[in-house]
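Q: Handing you a structure now.
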Amino acid sequence: MKVPLPPGLHIVATPIGNLGDFSERAADTLRGADRILVEDTRVTAKLLAHIGAKVPMTRYDDHSSERDRDAIVARLGDQAIALVSDAGTPLISDPGYKLVRAARAAGHAIHTVPGPSAAIAALTLAGLPTDRFLFLGFLPAKAKARADAIAEIADVRATLVLYESGPRLAGTLAALGDGLGDRDAAVAREITKLHEECVTGTLEQLAERYAAAPARGEIVIVVAPPLETLPAGDDELDDALDEALGRLSPSRAAAEVAERLKVPRKRAYARALERSR
């Protein structure tokens, strides 16, 4: 029996593997919707069959045009339209935010039905700090762009979470090790499914493991934040400045050493002036 839903956009999280994770509220929302926006009609059709729902579906993904989006928004005034992804929470590493933004700008109601998310589930399995984390989605496929993206977040003091495919996994782990250092990490695979696993180790160890035995399925990489380092002491700072002052002016020596030892430039410059007298 359909449960009447208020008009507007209903964002519905779906299982990432185990159908038992689909909430009763989420199922009722899809049964009661006038239309469901999906990434792949074949995938969502299986879910609808599981909950006994017969609802029209419209494809909405990366390739949907602005005209497609406008047509959906025009219906939200008198229709309840649900948005789902193939698995997990919509808008996480997909283009749904544009639709949400357009619906809100048009004054329509937006509802969310929270549920499974591979990124959050992987964090709970990894055994790494969870008080602060940065979700990166998929890194670029090309080596140079990937290295540049990793360099941008190398100093972020947070656990990193990213998605990856099996064929690219070993290469991405190696690139992360090159750009971040050999940090602790975890590879969570096939979460909630029959062959779920979470393998931990350093980035180097994991890269070697998956180079030798490529992984399959849906994969999440979790990487520990950089280790806390103690501020450089006066002796360490003075030794570094003495070496740099043999090559550079006090201001340039201070700039170089401040960057390398991660100390305030003002402190390094004051010490450089003293050492150069």
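Q: Given 181, 171, which one is farther than 22 Å from residue 120 by Cα, surrounded by 13 or more Cβ atoms within 10 Å (Cβ to Cβ) and at pLDDT below 95?
A: 181
Q: Let me ask something else about it. What residue, among those in segment 235-262 that are assigned to a helix (DSSP H, G or I), surrounded by fewer than 16 Cβ atoms within 10 Å (Cβ to Cβ) and under 40 Å from the mean Cα position of the chain (by Cα), is modelled with the highest pLDDT?
A: Among them, the one singled out is 252.
Q: State all residues of segment 111-129 that are within 22 Å of residue 15 (Cβ to Cβ) and more than 13 Å from the chain's Cα centre (by Cα); if no residue qualifies, say none.
A: Result: 111, 112, 113, 114, 115, 116, 124, 125, 126.
Q: In segment 74-107, what residues are β-branched (Val, Ile, Thr) and within 13 Å of residue 58 (Cβ to Cβ)?
A: If the condition is that a residue be β-branched (Val, Ile, Thr) and within 13 Å of residue 58 (Cβ to Cβ), then 81, 84 are the ones that fit.
Rundown of residues vs (1) under 14 Å from the mean Cα position of the chain (by Cα); (2) of a type in the set (A, V, I, L, M); (3) assigned to a helix (DSSP H, G or I), yes/no style:
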{"position": "62", "(1), (2), (3)": "no, no, no"}
{"position": "67", "(1), (2), (3)": "no, no, yes"}
{"position": "154", "(1), (2), (3)": "no, yes, no"}
{"position": "162", "(1), (2), (3)": "yes, yes, no"}
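Q: Same structure again: Only one residue in 158, 149, 87, 106 is surrounded by fewer than 18 Cβ atoms within 10 Å (Cβ to Cβ), within 30 Å of residue 55 (Cα to Cα) and outside the structural domain of residue 260 (by TED's automatic domain parsing). Which one?
A: Just one listed residue meets the conditions, 106.
Q: Which residues, counting only those in segment 9-35, are surrounded by fewer than 18 Cβ atoms within 10 Å (Cβ to Cβ) and either among the aliphatic types (A, V, I, L, M) or not assigned by TED's automatic domain parsing to the domain that holds residue 101 (or both)?
A: Passing the criteria: only 19.
The values are calculated or read from the model by the stated rules, or taken from the named source; none is laboratory data. Fair warning: this is a prediction, and the values are worked out from it, not measured in the lab. Every residue, glycine among them, receives a Cβ derived from its backbone with ideal geometry; neighbour counts consider all protein chains shown.
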